[in-house]
Amino acid sequence: MIRAGVATVDITPPAGLPLSGFAARTLPATGAHDPLTVRALAINDTAMVVADVIGLHGAMSARIRRRCTLPDTNVIISALHNHGGPVSMAGRLTIETDEAYLQRLEDACVEAIDQAVAAQRPAMLSVGLGSDPDIARNRRHPDGPVDRALPLLRVRGENGDMIALMTGYACHPVVLGADNRLWTADYPHFVRRALETAYPGATALFVTGCVGDANTGHSAHASISLATNPDRSFAAAERIGTAIAKAALEAPEQALGGDVTALEAQIVLPFERRETETPAELATRWRTECASAEPAQAALLEAWTHWAETIAREPADTLSGRVCVFDWGGLPVIGLPGEIFAATALSLRAACGERPAFIAGFAEDNPGYIPPREEFSSGGYEVDEAHRYYGQPASFAPGCAEALAGAAVELLKKSRPGRD
């Protein structure tokens with residue numbers, strides 16, 4: 001038997017706090033375009049949580065899971081990864097955190113989970129795949145892979161009323177650029193709004209997929225600019241979000257069963273230094289370049305210089321990554337840490353066979369980009385540079401993505417023994 005409940009808790013910061021997501025943007029938020037939230041969907045003794053922030057630190061996620069009413073194994077806490085949100089991870093993304101806001105965020109996640117559990121009632125689940133909205137593009141390679149799956153989970157009460165809808169898509173929530181200074185959930189806000197308009201009274205969740213190499217078509221370096229771009233506006237975000245919602249709502253309905261399981265694994269993720277110059281040499285070079293750089297580029301170089309003078313000199317040890325798999329009546333829900341690439345997601349979809357699946361990136365922790373092995377020869381921001389912004393001493397080593405995917409596949413097998 002399925003019991004389901006949903007809850008939403010507002011986490012919109014006040015104006016004046018710094019925004020996270022672009023090293024080029026140094027001025028604080030001036031207000032809010034749309035409310036930021038934590039949304040939780042509790043199915044039996046499990047919960048899927050999405051917070052409208054760029055990422056959660058693993059230490060905070062662990063505290064949330066320990067504090068909430070559910071067993072800590074049975075909770076996936078993911079970040080929307082919107083680039084119009086507050087600083088949400090201590091020691092990462094170059095900007096000092098507001099400790100009071102971090103506590104508010106942690107408390108809101110616990111509150112959302114507990115409220116969703118308290119609101120549970122008998123429910124029915126169905127899932128299907130919407131049509132390809134043709135929005136996401138591989139931003140590293142013109143012919144590179146893209147995860148085009150668009151699952152839609154419908155959660156109905158016994159009388160047929162819609163309790164919740166959960167959809168997910170693998171496209172960076174970065175339609176808005178570095179010139180934006182309003183709090184916003186980016187295009188997922190418009191996805192959720194359209195779903196809730198279609199089903200008044202229901203709560204919509206959007207799960208950001210494996211978007212490490214996917215956005216609407218611009219390169220990562222295109223964001224090192226404070227210039228206004230009509231393709232990166234709220235009008236564009238609304239158009240994109242509405243199109244994704246429309247495609248999701250076309251999903252057919254396949255009834256799900258009543259068995260719910262939750263499994264997790266911890267994977268050791270090693271680092272590997274890719275810079276050939278010493279930290280001191282890098283700091284000297286970047287400081288010199290900064291003196292004549294444009295403001296946006298100078299802000300980036302200042303962040304890199306700080307990294308070279310501090311974090312780069314720390315030991316490049318290892319990080320533990322949590323992989324979590326739910327089976328909701330035959331629907332796999334997979335949580336992976338960090339910015340995962342499309343190739344990894346597609347390997348997991350292949351392991352799921354014909355079953356629709358949710359694959360959440362930024363789950364539990366967001367320590368940076370975790371590229372598949374074949375991407376290291378291409379270098380670029382995601383492979384060679386982003387770890388500086390994320391406050392890591394080095395890039396994740398080749399093989400980390402494969403280790404996470406391998407753990408997820410093993411959990412998928414264990415979650416449905418004898419049923420595949």
Placed amide H near Glu364: partners under 5 Å, 5+ positions off or other chain: Ile77, Ser78, Ala79
Between helix 400-415 and the chain: long-axis angle, C-alpha atoms, 0 to 90°, nearest 10: 10
Rounded if a/c under 1.5, otherwise prolate or oblate - the range 344-385, Cα gyration tensor axes: oblate
For the range 353-420, diffusion coefficient by Stokes-Einstein and Kirkwood Rh (Cα), 10 °C, 1.306 mPa s, µm²/s: 114
In degrees, nearest ten, helix 234-249 long axis to first principal axis of the chain (Cα): 30
Fraction in percent of alpha-carbon pairs per bin - 10 Å, the range 133-269: 11, 35, 31, 18, 4, 0
Where only C-alpha atoms are counted, convex hull volume of the range 170-222 per residue in Å³: 88
Ordering of 332-344, 139-151 by burial proxy (mean other Cβ atoms within 10 Å per residue, highest first): 332-344, 139-151
Total charge dipole magnitude, the range 9-114, about the Cα centre, Cβ charges on Lys, Arg, Asp, Glu only, Debye to nearest 20: 260
Mean Cα-pair separation over length for the range 223-338, i.e. relative contact order, pairs under 8 Å, 6 or more apart, %: 36
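Return an integer: the convex hull volume of the alpha-carbon atoms of the range 6-145, in Å³ per residue.
It is 154 Å³ per residue.
If the range 294-386 were replaced by its equivalent ellipsoid, with semi-axes equal to the square roots of 5 times the Cα gyration tensor eigenvalues, what would those be, largest first, whole Å?
Semi-axes from the Cα gyration tensor: 33, 15, 12 Å.
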Cα-based equivalent ellipsoid, the chain: semi-axes from gyration tensor eigenvalues, Å: 34, 23, 20
The range 173-179 - phi-based ³J(HN,Hα) in whole Hz, Karplus 6.51/-1.76/1.60, Gly and Pro as x: x, 9, 5, 6, x, 5, 6
Contact order relative to length of the range 283-420, as percent, for alpha carbon pairs under 8 angstrom and 6 or more apart: 25
Accessible-area value, Leu263, 1.4 Å probe, nucleic acids and ligands omitted, Å²: 50
Accessible carbon and sulfur surface of the chain relative to its total accessible area, %, 1.4 Å: 52
Where only C-alpha atoms are counted, convex hull volume of the range 225-321 per residue in Å³: 189
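Could you give the length gained by full extension between Ala291 and Arg104, i.e. 0.36 nm per residue of separation minus their alpha carbon distance, to one decimal place?
On the way: separation 187, 0.36 × 187 = 67.32 nm, distance 3.85 nm.
Taking Ala291 through Arg104 to full extension adds about 63.5 nm, to one decimal.
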Between helix 58-67 and the chain: long-axis angle, C-alpha atoms, 0 to 90°, nearest 10: 30
Most positive-pole-ward Cα, Gly130, Gly84, Val53, against dipole of the range 36-186 from beta carbon charges: Gly130
Protection proxy ranking of 78-90, 160-172 - average other beta-carbon atoms within 10 Å, highest first: 78-90, 160-172
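Only Cα pairs under 8 Å and at least 6 apart count here; give the relative contact order of the chain as a rounded whole percent. List each step's numbers first, then the result.
Values: 1063 pairs, mean separation 79.9, N = 420.
Relative contact order, the chain: 19 percent.
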Charge-dipole axis of the chain as Lys and Arg at +1 and Asp and Glu at -1 on Cβ define it, positive-most pick from Phe22, Cys400, Thr73: Thr73
Value of D in µm² per second that Stokes-Einstein yields for the range 246-287, Kirkwood Rh from Cα pairs, at 4 °C (1.567 mPa s): 76
In the range 190-280, the GluC sites (Glu not before Pro) that fall in loop regions by DSSP, at most 14 other Cβ within 10 Å: Glu250, Glu253, Glu277
Residue-by-residue Karplus 3J(HN,Hα) for the range 360-375, coefficients 6.51, -1.76, 1.60, Hz, glycine and proline x: 9, x, 6, 8, 6, 7, 10, x, x, 7, 10, x, x, 3, 5, 7
Burial order of peptide ranges 377-387, 356-366 (average beta-carbon count within 10 Å, highest first): 356-366, 377-387
Gain upon complete extension [Ala198, Tyr381; 0.36 nm per residue less C-alpha separation]: 62.0 nm
HN-Hα J in Hz across the range 312-317 - Karplus 6.51, -1.76, 1.60, θ = phi - 60°, x for Gly and Pro: 4, 8, 7, x, 8, 7
Per residue, in Å², the accessible surface of the range 228-269 once ligands and nucleic acids are set aside, probe 1.4 Å: 54
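The values are calculated or read from the model by the stated rules, or taken from the named source; none is laboratory data. Please read these numbers as outputs of a predicted model, since none were measured by experiment. A quick note on method: Cβ atoms are made from the backbone with ideal geometry, for glycine too, and the neighbour counts reach across all protein chains shown. Protein only, heavy atoms only, side chains kept; ligands, DNA and RNA dropped before computing areas. Shrake-Rupley method; radii C 1.70, N 1.55, O 1.52, S 1.80 Å.
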